Amino acid sequence: MPLISSTEMLQTARREKYAIPAFNVHTLEMLQAVVEAAVESESPLIIQSTVGTVKHLGPDYIAHAAKTAADRTDLPIALHLDHCTDFPTIIQCVRAGYTSVMIDASMFPFEENVKQTCKVMEIAQASGVNVEAELGKVGGVEDDIVVDERDASLADPEECALFVERTGVTTLAPAIGTAHGIYKGTPNIDFERIARIADRVAVPLVLHGGSGIPAEQIHQAVALGMSKVNIATELRIAFSDAIKGVFAEHPEENDPRKYMVPAKEAVKRLAMEKMRLCGSSGKAGVAR
């Protein structure tokens, strides 16, 4: 089936109390791997690319690859632009065929965040594209966006409610203590804050910095209202480690097919594990 907006599938996930993993992919093999994982798991799927990957591969290449993958399945699949801070790139991706975009204006004061999100919402309403926005600041590194732990700030539940009311945004990523990258210790997630935000906000909530969070914390966050869980760093590590393993055993290898296949399989295994963890396995029919 064609690529679809993630709005309805995420609304269903929130209502049914599971989450949909959203995977940042950087190569064709990674994209194929998460799609194959979704097919075998019968899971709805959100494929994501960062702005850096869009610049590296081109939005048309990414969108066409995602469209081809979606057309070969009957799964609900969305294509999302992650953490974008500039309007022209959002327009470029929407025109290429992205069905979901994130405007990240969280580094600005509240009113400017509202203004920029409303601007993107105008485009989205005309094209049926899902829009994700962020309140608070998630720490860590995401492409060129670096937020020091000292500068990270948690989202205010009352501001979240006002933000959704003012912008009409369809998906919200509140900062609740997670961070981009791999955690050095146990993540300090503010579950009480998630509950308070979910109580005030009806739209699906997004958990950023989902790599390496312990299973019990993922389960708790999803139960409280997180409907989308972003996975990026763990995927890159699995992909890269598999390639390193091939070269460790066969340093003379020069055929990309010989090292890309195990890398693809590693990503697929991890993606299936995340689908089980988030509770999306077997939910493809529900999310249509």
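Out of all the residues in the range 259-273, is one or more at pLDDT 95 or above, in contact with a helix residue (DSSP H, G or I) (Cβ under 8 Å, 6 or more places away or on another chain), open to solvent by less than 70 Å² (accessible area, probe 1.4 Å) and basic (Lys, Arg)? Checked against the condition, which is being at pLDDT 95 or above, in contact with a helix residue (DSSP H, G or I) (Cβ under 8 Å, 6 or more places away or on another chain), open to solvent by less than 70 Å² (accessible area, probe 1.4 Å) and basic (Lys, Arg), the range 259-273 yields at least one hit.
For the range 76-101, what are the residues that are assigned to a loop (DSSP other than H, G, I, E, B) and either open to solvent by 10 Å² or more (accessible area, probe 1.4 Å) or touching a His at 6+ places or on another chain (Cβ under 6 Å) (or both)? Spell out the reasoning first.
Taking the range 76-101 as the starting set, the residues that turn out to be assigned to a loop (DSSP other than H, G, I, E, B) are 76, 85-86, 97-99.
Within the range 76-101, 85, 86, 97, 99 qualify.
For the range 254-268, filtering for residues that are among the acidic types (Asp, Glu) and not in a helix (DSSP H, G or I) leaves 1. For the range 129-152, filtering for residues that are at pLDDT below 90, under 30 Å from residue 92 (Cα atoms) and either polar (S, T, N, Q) or not in a strand (DSSP E or B) (or both) leaves 6.
Run down 106, 49 and say which single residue is part of a loop (DSSP other than H, G, I, E, B) and among the polar types (S, T, N, Q). Break it down stepwise before answering.
Values: 49 fails: part of a loop (DSSP other than H, G, I, E, B).
After applying the criteria, what remains is 106.
Using the structure shown, decide if residue 204 is of a type outside the set (A, V, I, L, M) and under 20 Å from residue 34 (Cβ atoms). The answer is yes for residue 204.
The values are calculated or read from the model by the stated rules, or taken from the named source; none is laboratory data. Since the structure is predicted, the reported quantities are computational estimates derived from the model, not experimental observations. Neighbour counts run over all protein chains shown; Cβ positions are idealised from the backbone, glycine included. With ligands, DNA and RNA removed, areas are computed over all heavy atoms of the protein, side chains included. Shrake-Rupley method; radii C 1.70, N 1.55, O 1.52, S 1.80 Å.
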